[in-house]
Amino acid sequence: MMSDYLKLPDGLPVPEDDGAAEHLPGTAVPSLTLESSGGESVRLDTLGAGRTVLYVYPLTGRPGADMPEGWDTIPGARGCTTEACGFRDHHEDLLAAGAARVFGLSSQDTDYQREVVERLRLPFRMLSDPERRLARALDLPTFTVEGTRLYSRLTLIVHDGLVEHVFYPVFPPNEHAEQVLAWLRGNPR
């Protein structure tokens, strides 16, 4: 059953750029502390020297658990597991290309994310933001499904406390880590 989450179905709708992330480059990262799948708190405005890749995603599925009704028809919704696996598979390359650290971030709780990190053997931590505080602080795009507000998929490259670059919309998610890697290689610091 896990293979269902590791392969994207054909014909997924492509998200369109609605301009919801145009304001982000140059924006200061807010002073928010989020719990990580590693058990510690991470303060976003003090991530440390160098670039941070912060990929934001809506909802990681679990084998055997149903996704929200119509999930595959929502542009940009499907593909969180394949995206995480891409960042896993390219983690060392991303670090070699200038990323000091990589985080995933969603509104799922820390226990859920911890299971994902263990099951997928991710070499980086996930950050939990169930109240979507980062979305409110930076006016990030979100969407609602079955009464739950979720993050829209995007990636922030953070450097010295500022959003240096934004990938939005992200498609296809299974190739996104390669897109980030190409950008880092093309924009060395």
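The values are calculated or read from the model by the stated rules, or taken from the named source; none is laboratory data. This structure is a prediction, so every number in the text was calculated from the model and none was measured. Cβ atoms come from the backbone with ideal geometry, glycine included; neighbour counts cover every protein chain shown. With ligands, DNA and RNA removed, areas are computed over all heavy atoms of the protein, side chains included. Shrake-Rupley method; radii C 1.70, N 1.55, O 1.52, S 1.80 Å.
Worth pointing out:
- Between 0 and 90 degrees, the angle of helix 176-186 with respect to the longest Cα principal axis of the chain falls at about 20 degrees.
- Counting charges near Pro169 (Lys, Arg +1; Asp, Glu -1) among other residues having Cβ under 11 Å from its Cβ returns a value of -2.
- Summed residue charge, Cβ within 14 Å of Asp89's Cβ, Lys/Arg positive, Asp/Glu negative: -3
- Among 168-175, 41-48, 150-157, the peptide with the highest mean count of other Cβ atoms within 10 Å heads the list, and the full ranking is 150-157, 168-175, 41-48.
- Net charge contributed by nearby residues that have their C-beta within less than 12 Å of Gly48 (K/R +1, D/E -1): +1
- On the range 1-85, 50 percent of the accessible area sits on carbon and sulfur atoms, based on a 1.4 Å probe.
- The phi-based Karplus calculation (6.51 cos²θ - 1.76 cosθ + 1.60; θ = phi - 60°) puts the 3J(HN,Hα) values of the range 87-93 at 5, 4, 5, 10, 4, 5, 5 Hz, whole numbers, x for Gly and Pro.
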